[in-house]
Amino acid sequence: MAMAEGKTSRALQVVARALGRLGRERARAAGDFTPQQAEALQLVAEHNVLSTSAFAQLLGIDPSTASRNLAGLERAGYIVRRRGTEDARQTDVRLTARGKRVAEAVSSEWTTACALLIDRLPRAERQRLAEAVDTLARVLDGHGTR
């Protein structure tokens, strides 16, 4: 079993590096912003509204780092930050129209790149991959089981 785990671990490392590279390429192709900005905009787009603390938690970064990153996005006109509607002690983050366009462009670039990648797989493997990736995503999001 340890040999299979090692093989899977190495395969996941290759996949993670390749997907990171693909994400960086897609962010650059979609516009003049960094991959980190693209990821942040997509995250806000997925949730519509996020508090700064939720944003930090989802990205796995310190809240002060998240605040600095969001300040840069706000200065660039991609997001707006307002006092929280549920909790006035928090700050809600929303996309501007410009931010929505960028998030959509990045998402579209990513979808196209993934479709091209998946098309290179044998048909019989595509469904198995889809199921495995869906399961892995649930586990990584904390919704899966051990």
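The values are calculated or read from the model by the stated rules, or taken from the named source; none is laboratory data. Bear in mind the structure is a predicted one, so any value in this text is a computation, not a measurement. When we count neighbours, we look across all protein chains shown, and the Cβ atoms used for this are built from the backbone with ideal geometry, even at glycine.
Miscellaneous remarks
- Residues satisfying the stated conditions in segment 50-96, i.e. farther than 22 Å from Trp110 by Cβ, of a type in the set (Val, Ile, Thr) and surrounded by fewer than 17 Cβ atoms within 10 Å (Cβ to Cβ): Thr65, Val80, Thr85
- Options Gly99, Gly144: the member that is small (Gly, Ala, Ser), at pLDDT 90 or above and touching a helix residue (DSSP H, G or I) at 6+ places or on another chain (Cβ under 9 Å): Gly99
- Arg138 vs. criteria at negative phi and assigned to a helix (DSSP H, G or I): yes
- Index of the failed condition, Asp87 passing every other in (1) of a type outside the set (Phe, Trp, Tyr); (2) over 23 Å from Gly142 (Cα atoms); (3) assigned to a helix (DSSP H, G or I): (3)
- Any chance Gly77 is more than 19 Å from the chain's Cα centre (by Cα), farther than 19 Å from Ala27 by Cα and not basic (Lys, Arg): no
- Positions within segment 69-100 being in contact (Cβ under 8 Å) with a residue 12 or more places away in the chain and of a type in the set (Asp, Glu), in sequence order: Asp87, Asp92
- Some residue of segment 1-13 being under 26 Å from Ala105 (Cα atoms), without any contact (Cβ under 8 Å) to a residue 60 or more places away in the chain and not in a helix (DSSP H, G or I): no
- In segment 16-26, the count of residues that are among the small types (Gly, Ala, Ser), surrounded by fewer than 11 Cβ atoms within 10 Å (Cβ to Cβ), modelled with pLDDT under 85 and part of a helix (DSSP H, G or I) is one or more.
- Segment 102-135, residues that are modelled with pLDDT under 85 and of a type in the set (Asp, Glu): Glu109
- Per the listing Glu104, Glu109, the residue uniquely touching a Lys or Arg at 6+ places or on another chain (Cβ under 9 Å), surrounded by 11 or more Cβ atoms within 10 Å (Cβ to Cβ), under 20 Å from Glu25 (Cα atoms) and in contact (Cβ under 8 Å) with a residue 24 or more places away in the chain is Glu109.
- Qualifying residue in segment 84-101 (condition: of a type outside the set (Lys, Arg) and touching a Pro at 6+ places or on another chain (Cβ under 6 Å)): no
- Restricting Ala66, Ala40 to those that are in contact (Cβ under 8 Å) with a residue 12 or more places away in the chain, within 19 Å of Gly23 (Cα to Cα) and part of a helix (DSSP H, G or I) reduces the list to Ala40.
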